[in-house]
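Enquirer: Would you mind keeping the following structure in view while I ask a few things?
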Amino acid sequence: MLRTSLQNTILFLRRPVGTGLLTLIVSVLLFVVQPQPWPVAMRLLLSLLPALIPTALAALAVRYHERMNSAKPRLFLSGIALFSWIALLLDIGQTFLPWVLVFCLALIFSFVAGLRYTAVFSLGMIFFASLYGSLRLHQAEQLLYLNLLVRQEQRKSEVQFSIKKEGGRILLFESGASEPVLTAPRPAAMQQLADAESDGFFGLTPAFVLTTNPEDAKAIPMAAVLFVPDGFPAKLWNVQVSSDLDKLQRQGGIGRAEMRERESRCGSLSCNETLWLYEDRFQAKTVQAGYALVSVPMAGPGAGSRTFMLWFREPFVEGLPHHPFVLEIMKGLTVGGITATEEKAD
């Protein structure tokens, strides 16, 4: 009985439907077990579309495997394999070039020599490219979902807070409150950027942006306080930032970005900084970009707390944590009416 069941299972898996089903299950599990900030049900939903790519390829390979060793199918598969790996090179960048050269040369040699396993070798290259494409699609789905959540929370946050300038400081008020929930110093050499769009901050809404050139959104140093929605998945947002920096690297605008994390102080509170260090080729200098998250208690019983992000972009100087302007803003943050100086006095 057991032997018969095993034989029937093997026969089923050798059919296109069986192979596709097995590939679908394995692919879904592969995507679900990756570190993600979503509930299990959402992980399953987000994994279905990317899993269909290797599933369809596996099912087609089993269905037409007997025809693949003739000349035309081998030529077709070899062409698809070469094209798919060139697409990988365009997406990954120059670091993938050695692998492309090795495998493409091996494929060309295998085809010219008429080796028996040319079709299998081509399928292997195509399957690898499809798996990479599935991972990129899975990442894009999560980023799209994150963007939808962020924009949904934006509409709530935009009507809850307002800003006011007072002397050399910028005050952030909760709607209806007489006391600010967060204030930040404005260095004398920095001004508020007039047109601050959320697209420049990967979907988050800026409360205010300070820069040395109010007419240039790319001027450095700059610092911004951003609204962060509830349940904000910082790790996934980091993937989005890194992905955008990788895109700029492939376009030749910046060098390779190195991500770091370190503990710091934001006014009177401890905070963790996430940093990206890279060479900006247009400005001919090394740039440090990053953020620190600050939790601010809200007024009223049971009001909980809100999270704000201090995002900065500055020229990097070896041995210094920040540019003096950015450091002044970070150290001078006032949360809940308590400054770092007042805390030490207490």
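The values are calculated or read from the model by the stated rules, or taken from the named source; none is laboratory data. Every value quoted in this text rests on a predicted model; they were computed, and no experiment measured them. Counting neighbours? That spans all protein chains shown, and the Cβs are built from the backbone with ideal geometry, glycine included. Protein only, heavy atoms only, side chains kept; ligands, DNA and RNA dropped before computing areas. Shrake-Rupley method; radii C 1.70, N 1.55, O 1.52, S 1.80 Å.
Enquirer: Determine Rg/Rh for region 180-335; Rg is computed over alpha-carbon atoms and Rh is the Kirkwood hydrodynamic estimate from the same atoms. Walk me through the numbers before you get to the answer.
Expert: Details: Rg = 15.4 Å, Rh = 16.1 Å.
Result for region 180-335 is an Rg/Rh of 0.95.
Enquirer: Return the long-range amide H neighbours of Val209 (sequence gap of 5 or more, or a different chain), with a cut-off of under 5 Å between placed amide H atoms.
Expert: Leu193
Enquirer: Efficiency by 1/(1 + (r/R0)^6): what FRET value for Asn272 and Ile163, r their Cβ-Cβ distance, R0 = 22 Å, to the nearest 0.05?
Expert: The pair Asn272/Ile163 has a calculated efficiency of 0.30.
Enquirer: Relative to the Cα centre, what is the charge dipole magnitude of region 180-335, using +1 at the beta carbon of each Lys and Arg, -1 at the beta carbon of each Asp and Glu, and rounding to the nearest 20 debye?
Expert: The calculated dipole for region 180-335 is roughly 220 debye.
Enquirer: State the percentage of accessible surface on region 20-129 attributable to carbon and sulfur atoms; use a 1.4 Å probe and exclude ligands, DNA and RNA.
Expert: 79 percent
Enquirer: Karplus couplings for region 104-120 from phi (6.51 cos²θ - 1.76 cosθ + 1.60, θ = phi - 60°), rounded to Hz, Gly and Pro as x?
Expert: 5, 5, 5, 5, 4, 4, 4, 6, 5, 6, x, 5, 5, 9, 4, 5, 5
Enquirer: Ordering Asp280, Asp246, Asp230 by how much accessible area each has at a 1.4 Å probe, largest first, what is the list?
Expert: Numbers: Asp280 20, Asp246 60, Asp230 100 Å².
If we order Asp280, Asp246, Asp230 from most to least accessible, we get Asp230, Asp246, Asp280.
Enquirer: Still on this model: How long are the three semi-axes of the equivalent ellipsoid for region 52-93, computed from the Cα gyration tensor as the root of 5 times each eigenvalue, in whole Å, largest first? Working shown, then result.
Expert: On the way: eigenvalues 100, 48, 4 Å².
Over the Cα atoms of region 52-93, the ellipsoid semi-axes are 22, 15, 4 Å.
Enquirer: Can you list residues whose amide H is under 5 Å from Ser305's amide H, if they're 5+ apart or on another chain and H is modeled 1.01 Å from N?
Expert: Here the answer is Met298, since their amide H atoms fall under 5 Å of that of Ser305.
Enquirer: May I ask you to evaluate 6.51 cos²θ - 1.76 cosθ + 1.60, the Karplus curve with θ = phi - 60°, for each residue of region 325-334 and list the ³J(HN,Hα) values in order in whole Hz, giving x for glycine and proline?
Expert: After applying 6.51 cos²θ - 1.76 cosθ + 1.60, I find 5, 5, 5, 4, 5, 5, 6, x, 4, 10 Hz.
Enquirer: Would you grab the residues whose amide H sits under 5 Å from the one on Phe161? Only those 5+ places off in sequence or on another chain, please, with H modelled 1.01 Å from N.
Expert: When sequence neighbours closer than 5 places are left aside, the close amide H contacts are Ser175.
Enquirer: With all pairs of different alpha carbon atoms counted, what Kirkwood hydrodynamic radius in Å does region 21-155 show? Before the final figure, lay out the partial values.
Expert: Numbers: mean 1/r = 0.0601 Å⁻¹.
About 16.6 Å, per the Kirkwood formula over Cα pairs.
Enquirer: For an R0 of 56 angstrom, estimate the FRET efficiency from the Cβ-Cβ distance between Leu148 and Ala113 and round to the nearest 0.05.
Expert: So the FRET efficiency works out to roughly 0.60.
Enquirer: Using a simple spin-label model with points 7 Å from Cα along the Cα→Cβ vector, what separation in nm is obtained for Lys247 and Ser178?
Expert: Roughly 4.8 nm, to one decimal.
Enquirer: In nm, to one decimal, how far is the modelled label at Arg265 from the one at Val239, with both set 7 Å along Cα→Cβ?
Expert: The answer from the label model is 3.6 nm.
Enquirer: So, one more: Once you place label points 7 Å from the Cα toward the Cβ at Val102 and Gln192, how far apart are they in nm?
Expert: 5.7 nm
Enquirer: Once you have the Cα-Cα distance between Val120 and Arg281, take 0.36 nm times their residue separation minus that, and quote the gain in nm to one decimal.
Expert: Values: separation 161, 0.36 × 161 = 57.96 nm, distance 4.32 nm.
Extra length from Val120 to Arg281 when fully extended: 53.6 nm.
Enquirer: Tell me, what is the per residue accessible area of region 180-335 in Å², probe radius 1.4 Å?
Expert: Values: 7070 Å² over 156 residues.
Result: 45 Å² of accessible area for each residue.
Enquirer: Can you work out the Karplus-derived ³J(HN,Hα) for every residue in region 274-280? Use 6.51 cos²θ - 1.76 cosθ + 1.60 with θ = phi - 60°, whole Hz, and x for glycine or proline.
Expert: 10, 10, 10, 10, 7, 8, 8
Enquirer: Turning to a different aspect of this structure: Can you give me the accessible area per residue for region 1-149, using a 1.4 Å probe, in Å²?
Expert: On a per-residue basis, region 1-149 sits at 64 Å².
Enquirer: On to the next question. Per the 1.4 Å probe, what fraction of the accessible area of region 180-335, in percent, lies on carbon and sulfur atoms?
Expert: Working: 3480 of 7070 Å².
It is 49 percent, rounded to a whole number.
Enquirer: With every protein chain left in place and a probe of 1.4 Å, what is the accessible surface of Glu261, to the nearest 10 Å²?
Expert: For Glu261, solvent-accessible area is about 140 Å².
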